[in-house]
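These notes are about the structure you will find just below.
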Amino acid sequence: MTRVYLSLGTNLGDRETQLRKAVGLLQESFGLFALSGLWETEPWGRVRQPPFLNLALGLEVSGSIEAFFSHIQAIEQRLGKRRDGFWAARNIDIDLLFWGHEHYRSPHLLVPHPYWHQRAFVLKPLLEIAPLLNPGGKNLPFWLRRCEAEDPSVAARRVGQLEGISLPPPTPLSYEELEAQGVILKGIAGVDARQGLAREGRIPWELPEDRSFFREQTRDGILCLGRKTMESLPHAFAPEERELWILSRNASSCDRFPAALVFHHPRELRDVRTPKNIWICGGGEVYAQFLPLCSEIYLTQLAADYNCDQFLDPSWRKLFSEMRCLKRNPHDAVWYYRRLGE
Ligand SMILES: NC(=O)c1ccc[n+]([C@@H]2O[C@H](COP(=O)([O-])OP(=O)(O)OC[C@H]3O[C@@H](n4cnc5c(N)ncnc54)[C@H](OP(=O)(O)O)[C@@H]3O)[C@@H](O)[C@H]2O)c1
């Protein structure tokens, strides 16, 4: 299966109905896994026309890129695609943006789409559904900033959601698929004598050795944390040379760490391609979902009980074997766990 991203646009007739028909026809033949909101944009280029309505979507596709391209062209024809020239108004336009991470060129097809990074109406909906894509080795916020700086007049504003389309529930992520993708998750956590993680929304201990172990270990990597952990970080915290990814269903950006990438669902990790380690840094909700997907875990075990009110979900333990104690400090010890069978 290939993960494919498309951009759809229309500026003639009943725009929402056109888009709904196009999405419905795509969904009849391919696995629709993501659908952005509707974005309205003034037409691109030097023309006077009605505004466009755009969206982005993600499909799982089997078969060849050429067969898929013929299929989307057939859908455009079926919807009566009319276009009188490159800059003309159009009742439906379906652009193939990305075909997995592949590059493809034939006399009539160029993928990634040659203009994907120049259009806010492509980037904004795409960022909603695939925030962890990093085409050309840069993330989508980078391309969006560049696009807006080059042409600030190209504004796209979100105007709602396409009604009448339902998506199947996402299949859970597995360790095996991340491994096949080359994505490496590693867990890092600290617990007290009763496996406590936090008290009243904060880590109730302050251990300089543990902090420097964390910094050293995660150097050059990506820190992945839940929105509540991000909000609980001390003011002195700085990501330094590490990237920051924040998981949140609601937030679209992070005021405190403007360079942080906000993603919305674990399934979005399916778009990731990076040689860097992705460090799962908590808190409780994030550990419960992601530690079972890690290849190794570093656990600082404190000797004392800190009266925590939040505890580490133990379900990851059955997947790991305790390998060795990496270091012993006066108040804690750091344990290294490796996934069974690795
Ligand atoms: N001892 C340690 O090593 C350690 C390490 C890190 C943190 N902590 C502590 O842990 C506490 C925070 O843990 P927590 O469990 O309350 O919160 P958390 O895991 O940090 O963040 C939870 C938030 O993450 C987002 N989220 C979680 N699962 C998601 C999903 N499947 N899809 C989309 N978004 C999802 C949601 O954000 P939205 O609500 O925005 O949608 C949710 O409210 C803090 O007290 C922190 O100090 C301890």
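Values in this text are rule-based calculations from the coordinates and carry no lab data. The structure presented is a predicted model; accordingly, all values stated were derived computationally and were not measured. Ideal geometry is used to build each Cβ from the backbone, glycine not excepted, and the neighbour counts take in all protein chains shown.
Can you give the FRET efficiency for A67 and K21, using 1/(1 + (r/R0)^6), R0 = 25 Å, r = Cβ-Cβ distance, to the nearest 0.05?
Efficiency computed from Cβ-Cβ geometry: 0.70.
Treating each Cα of the chain as an identical point scatterer and ignoring solvent, apply the Debye formula and state log10 I(q)/I(0) at q = 0.07, 0.14 Å⁻¹.
So the normalised log intensities are -0.36, -1.10.
How far, in nm, would the chain grow between A193 and L319 when pulled straight, counting 0.36 nm per residue and subtracting the alpha carbon separation?
43.2 nm is the gain from fully extending A193 to L319.
With θ set to phi - 60° and the Karplus curve 6.51 cos²θ - 1.76 cosθ + 1.60, what are the ³J(HN,Hα) couplings of region 286-303 in order, to the nearest whole Hz, using x for Gly and Pro?
Values, residue by residue: 5, 4, 4, 8, 9, 4, x, 9, 7, 8, 8, 9, 10, 10, 8, 9, 8, 7 Hz.
Using a simple charge model, +1 on the beta-carbon of Lys and Arg, -1 on the beta-carbon of Asp and Glu, nothing else, what dipole does region 2-160 show about its Cα centre, in debye to the nearest 20?
For this selection, approximately 240 debye.
By how many degrees, 0 to 90 and rounded to 10, does the Cα axis of helix 65-78 deviate from the longest principal axis of the chain?
Between helix and principal axis, roughly 50 degrees.
How many nm separate the modelled label positions at R338 and E150, each set 7 Å beyond the Cα in the direction of the Cβ?
Using points 7 Å along Cα→Cβ, the separation is 4.7 nm.
In the chain, what % of DSSP beta bridges are antiparallel (nearest 5)?
Here the antiparallel bridges make up roughly 70 percent for the chain.
I need to check one value: relative contact order of the chain, counting alpha carbon pairs closer than 8 Å and at least 6 residues apart, in percent.
Worked out over the chain, it gives 17 percent.
Is region 2-160 best put as rounded, prolate or oblate by its Cα gyration tensor, with a ≥ b ≥ c the root eigenvalues, rounded for a/c under 1.5, and otherwise prolate when a/b is larger than b/c, oblate when not?
rounded
Using only alpha carbon pairs under 8 Å that are at least six residues apart, calculate the relative contact order of region 175-339 and give it in whole percent.
Value for region 175-339: 34 percent.
So what is the calculated 222 nm ellipticity per residue for the chain, using -39500 (n - 2.57) for each DSSP H run with n of 4 or more, over all residues, to the nearest 500 deg cm²/dmol?
-7000 deg cm²/dmol
Scan around L12 for amide H atoms under 5 Å from its own, H built in the peptide plane at 1.01 Å from N, and keep only partners 5 or more places away or cross-chain.
Placed amide hydrogens put R90 under 5 Å from L12.
Under a Cβ-only charge scheme (Lys and Arg +1, Asp and Glu -1), can you give me the dipole magnitude of region 175-339 about the Cα centre, in debye to the nearest 20?
Around 240 debye, computed over region 175-339.
If packing is taken as the average count of other Cβ atoms within 10 Å, what order do 52-63, 207-218 fall into, highest mean first?
52-63, 207-218
Quick one: go through region 151-184 and flag any residue whose amide nitrogen is under 13 Å from the point 7 Å out along the Cα-to-Cβ line of S29.
Under cut-off, by backbone N: nothing.
Between S64, S253, S232, which gets the highest mean-square fluctuation from a Gaussian network model of the chain, Cα cutoff 10 Å?
Sorting by GNM fluctuation, first place goes to S64.
By how many degrees, between 0 and 90 and to the nearest 10, does the Cα long axis of helix 140-150 differ from the longest principal axis of the chain?
50
Please turn the phi angles of region 331-342 into ³J(HN,Hα) values with the Karplus equation 6.51 cos²θ - 1.76 cosθ + 1.60 (θ = phi - 60°), one per residue in order, whole Hz, x for glycine and proline.
For region 331-342, the Karplus curve yields 10, 7, 9, 9, 10, 10, 10, 10, 4, 4, x, 8 Hz.
What full-extension length gain, to one decimal in nm, is calculated for R267 and H235 as 0.36 nm per residue of separation minus the Cα-Cα distance?
The span from R267 to H235 would gain 8.5 nm if fully extended.
Charges only on Cβ, +1 for Lys and Arg, -1 for Asp and Glu: so what's the dipole of the chain about the Cα centre, in debye to the nearest 20?
500
Suppose the chain between V159 and E216 were pulled fully straight at 0.36 nm per residue; how much longer would it get relative to their current alpha carbon spacing?
16.0 nm
Pop out the ³J(HN,Hα) list for region 227-243 in order, Karplus 6.51 cos²θ - 1.76 cosθ + 1.60 with θ = phi - 60°, rounded to Hz; leave Gly and Pro as x.
Here the 3J(HN,Hα) series is 4, 6, 5, 4, 6, 8, 5, x, 4, 6, 5, 9, x, 6, 7, 9, 6 Hz.
Using only Cα atoms, find the angle between the long axis of helix 15-29 and the longest principal axis of the chain, and express it within 0 to 90 degrees, rounded to the nearest 10.
70
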